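Remarks on the structure that follows.
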Amino acid sequence: MARILELAKDGKEIRKNLARSFQSGRINFLIGSGATLPAIPLAGTMENDIALLLASGREQDAALLMYEFLSKIQVPTNKLIREDPDVNNSQTSAGYAKFLGILEIILAERRTTLLPKQATIFTTNYDLFFEKASVMFPGLKLNDGFTRVPSIDNKMSFSSRNFFNVTYNTGNLYDYKVEVPSINVVKLHGSFSWKKDSDEIIFQVAERDLLPPTKTPGDIKTFIERYAVVLPQAAKFRTTLLDRTYYDLLRIYANELDRENSALITFGFSFGDEHILDITKRSLKNPTLRLIIFAFDSAAAEAYGHRFDGYNNVEIIGPPVGSNLGFEQFNEAMMTCFVGSGVVS
């Protein structure tokens, strides 16, 4: 049975379990849209609403809803690129920066030499907050799937083969080799830094203007098709390229969970994506996998409990009744549970 633990009441047991996973296991995170609040609103029932519109033949209304969904992400992204002062962006950026900072410490101080000082973050978010926050941590290498080698055209192409590379610092005078802590950021649904270029995905970060109020269905279609992302709709794929890439990244997700002594810590993710939910449930047949879910509130914790009923390698961590566990509280829980529990000094 999936266990529901209260962060404050069961803190000692949580610290012990997480310390064991971080010290000797493979570290994976699954981050959902709950992490982008308040800069980007939750998608809510967007996927179901779009599916209902498409099923009833209202394709233009469905496209308009997709446009509105993308616009709510594009507006804060434009501000992030321009570095415009924005209270909501600043709050979300601070959460991401604190998370990466904690993760850098954990990886740097990891004592095992059998596993790399590396963690993998899977996310369904399109935004650029991970990329923005990583600039603050030059000692932490971010693997985002793009090849960054000198070239005349300065073109950076995406390939799943670029994940899981390990980098070492070496001395040219004394014979030493030190592994650089690194994270793989695997964007399962694509990213606003992706651009379709023939049969490739290339790296491009650029502002995009929204459409005027007098926009036509053709304008909306053109706007949507500029994005190399998996949209929240039942028929997820619009191109063979995205189809192939999406399933390639899902395979990486499945493979990481099938590894021995893997831990998957989730925050802000509802498991509403059927593909990810099915893969996760199949992977839980691996007895050495531990799924640790941080729930936003007690109602969410109960919902997770029902969703993973029957699995004894699932732990759900929630706040006390009547309180919430947002990104700030999740980071505080990370500090409380990991720092000082034997993982780091």
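Name every residue in segment 83-101 that is within 24 Å of residue 140 (Cα to Cα) and not aromatic (Phe, Trp, Tyr), in order of residue number. Working first, answer last.
Of segment 83-101, the ones within 24 Å of residue 140 (Cα to Cα) are 83, 89-101.
Residues satisfying the conditions are 83, 89, 90, 91, 92, 93, 94, 95, 97, 98, 100, 101.
Does residue 333 satisfy being aliphatic (A, V, I, L, M), at pLDDT 95 or above and out of contact with any strand residue (DSSP E or B) (no Cβ under 6 Å at 6 or more places or on another chain)? In short, no. Applying the criterion of at least 1 residues that are crowded, with 20+ Cβ neighbours inside 10 Å, in contact (Cβ under 8 Å) with a residue 40 or more places away in the chain and of a type in the set (Lys, Arg) to the strands (runs of 3 or more DSSP E) found wholly in segment 237-324 leaves 290-294. For segment 198-227, give me each residue that is touching a residue at least 60 places away in the same chain (Cβ under 8 Å), of a type in the set (A, V, I, L, M) and either more than 14 Å from residue 157 (Cα to Cα) or assigned to a strand (DSSP E or B) (or both). Residues satisfying the conditions are 206, 210, 211, 220, 224. Which residue pairs have Cβ atoms closer than 9 Å, lie 6 or more positions apart in sequence or on different chains, and pair a first residue in segment 54-68 that is buried (at least 17 other Cβ atoms within 10 Å of the Cβ) with a second residue that is acidic (Asp, Glu) and outside any helix (DSSP H, G or I)? Sorted first by the residue in segment 54-68, then by its partner, the list stays empty. Exactly one residue among 125, 88, 154, 165 is under 30 Å from residue 49 (Cβ atoms) and not in a helix (DSSP H, G or I), and that residue is 125. Surrounded by 20 or more Cβ atoms within 10 Å (Cβ to Cβ) and either free of Cβ contacts under 8 Å to residues at least 12 places away in the same chain or of a type in the set (Lys, Arg) (or both): does that describe residue 195? In short, no.
Residues of segment 140-156 that are over 25 Å from residue 32 (Cα atoms) and modelled with pLDDT of 90 or more: 156 alone.
Given the structure, is residue 88 modelled with pLDDT of 95 or more and within 22 Å of residue 276 (Cβ to Cβ)?
For residue 88, the condition - modelled with pLDDT of 95 or more and within 22 Å of residue 276 (Cβ to Cβ) - is not met.
The values are calculated or read from the model by the stated rules, or taken from the named source; none is laboratory data. These numbers were taken from a predicted model, which means no experiment stands behind them. Reconstructed Cβ throughout: ideal geometry from the backbone, glycine too, with neighbour counts over all protein chains shown.
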